[in-house]
Amino acid sequence: MHERVGVIDAEYGTETFSTDDDDPAASWYEYLQQRQGSVRLAFGAGFRSDAYAQNVGQFQVVRFTSGALDYQRSRRNVQCDGDNSYRLLIPLQGHFKFEQGDSREVFHPGRICFFHWGRPLWMTHTETISALIMTVPEKSIDSARAENASLALDEKRPLVRALEAQVRMLVEAEGWTAADFSVAFFSALTLLDGALNPSPAIKSGKRAIDAERARRLIENHANDPRVTPETIAAMLCIGERTLYKVLKRAGYLSPGALLRTIRVERAHRRLSLALPVDMDRIAFEEGFPSTRRFREAYREHYGQTPAQMREQLFGSGPEGSPVDRHLVDGRAR
């Protein structure tokens, strides 16, 4: 009997906003509180703003235009929200300054800003700007890469340009359903995760080449539960200890850990779509010997169960019940 994971109640939603003519500052502050979180604002003369938001659960992207303004997110704001997600900010028009920690950058169209919403920040612009801001849910990308990422993404990399195009498409395309939007949004997250990798090039040398061959073999065969580190070593005609060493020298995880990580991250992508899913089928198709082993690996990797992750992303199901209510501690009820 297959273990069905919850009915998704999340819907694709849109919202159009314009500042109130009588009190534009107060209305923009209230809108930001609702859509992004706590901030402190200092408004320029004649301030006006508008926004267009799209979302499926926590998958949100907003296109906005704003008059001259100073944004500050203090430690107190951060503590009040308890939000450890990230944001991707793509300028469409105008220039703005942005600071977080020791990093200070000037952004304009063509330069993409990536920052942690769970840390203090400061942003200012003395002219009207337009931009896209995409919410990057916690644990939706590699945490180590995100933690060490630069404030400005490398605009020379084709992957960064592809990321910008994907986020623009989310806003510009019409006819979205919840399922389609979540697929396209997760594609943007995958591009972002790749763009945060600071060393995408293959290093030279025989051992480095062996490491890349091993990584590709693991990726290609990870969905086969029969594949083990010993299997991969045999495919490469090297010993298992040598396989461990070449992967370690290249900065990769151990063979077994790399297999588990690839499997669990692929399963996570499927679970991050706004559709009912079959846990047993996902576990089997992504190379886990059992659903129990998959849940254990998932909890170890993401710090929560698949059911908890889906509830966090997509909210509650019918009649206010959690999305995956019939899964308690990973057991069907």
Requested in this report: Residues being open to solvent by less than 50 Å² (accessible area, probe 1.4 Å) and within 21 Å of F64 (Cβ to Cβ): count how many of those fall in the stretch 121-158.
Outcome: 16
Requested in this report: Filter the stretch 105-141 for residues that are part of a strand (DSSP E or B), over 29 Å from T261 (Cβ atoms) and touching a residue at least 12 places away in the same chain (Cβ under 8 Å) and give the result.
Outcome: E105, F107, L121, W122, M123, T124, H125, I129, S130, A131, L132, I133
**Report entry** Those helices (runs of 4 or more DSSP H) lying entirely in the stretch 237-299 with at least 3 residues closer than 22 Å to N197 by Cβ and in contact (Cβ under 8 Å) with a residue 24 or more places away in the chain
**Finding:** 240-249, 255-271
Report summary line: Checked the stretch 159-176 for anything open to solvent by 40 Å² or more (accessible area, probe 1.4 Å) and part of a loop (DSSP other than H, G, I, E, B); matches are E174, G175, W176
Report summary line: Only one of E30, E11 is touching a helix residue (DSSP H, G or I) at 6+ places or on another chain (Cβ under 6 Å), open to solvent by 70 Å² or more (accessible area, probe 1.4 Å) and either acidic (D, E) or in contact (Cβ under 8 Å) with a residue 12 or more places away in the chain (or both), namely E11
Query raised in the report: Since S38 meets every condition but one in (1) in a strand (DSSP E or B); (2) touching a residue at least 40 places away in the same chain (Cβ under 8 Å); (3) farther than 20 Å from E172 by Cβ; (4) not aliphatic (A, V, I, L, M), which condition does it not meet?
Result: (1)
Query - Residue count for the stretch 47-64, restricted to those that are surrounded by fewer than 18 Cβ atoms within 10 Å (Cβ to Cβ) and either of a type in the set (G, A, S) or assigned to a strand (DSSP E or B) (or both) - result: 2
Report summary line: Of the candidates F284, F288, F294, the one satisfying the condition of being of a type in the set (F, W, Y), open to solvent by 20 Å² or more (accessible area, probe 1.4 Å) and modelled with pLDDT of 90 or more is F284
Query raised in the report: Hey, S150 hits all of (1) in a loop (DSSP other than H, G, I, E, B); (2) within 19 Å of M309 (Cα to Cα); (3) of a type in the set (S, T, N, Q) but one; which does it fall short on?
Result: (2)
**Report entry** Single condition R207 does not satisfy, out of (1) under 30 Å from F284 (Cβ atoms); (2) at pLDDT below 85
**Finding:** (1)
Query raised in the report: Which residues, taken from the stretch 65-100, are more than 21 Å from E15 (Cα to Cα) and either among the small types (G, A, S) or in a helix (DSSP H, G or I) (or both)?
Result: A68, S74, R75, R76, N77, V78, Q79, C80, D81, G82, S85, G94
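The values are calculated or read from the model by the stated rules, or taken from the named source; none is laboratory data. Everything numeric in this text was worked out from a predicted model, so none of it was measured. Note: ideal-geometry Cβ built from the backbone for every residue, glycine included; neighbour counts use all protein chains shown. Protein only, heavy atoms only, side chains kept; ligands, DNA and RNA dropped before computing areas. Shrake-Rupley method; radii C 1.70, N 1.55, O 1.52, S 1.80 Å.
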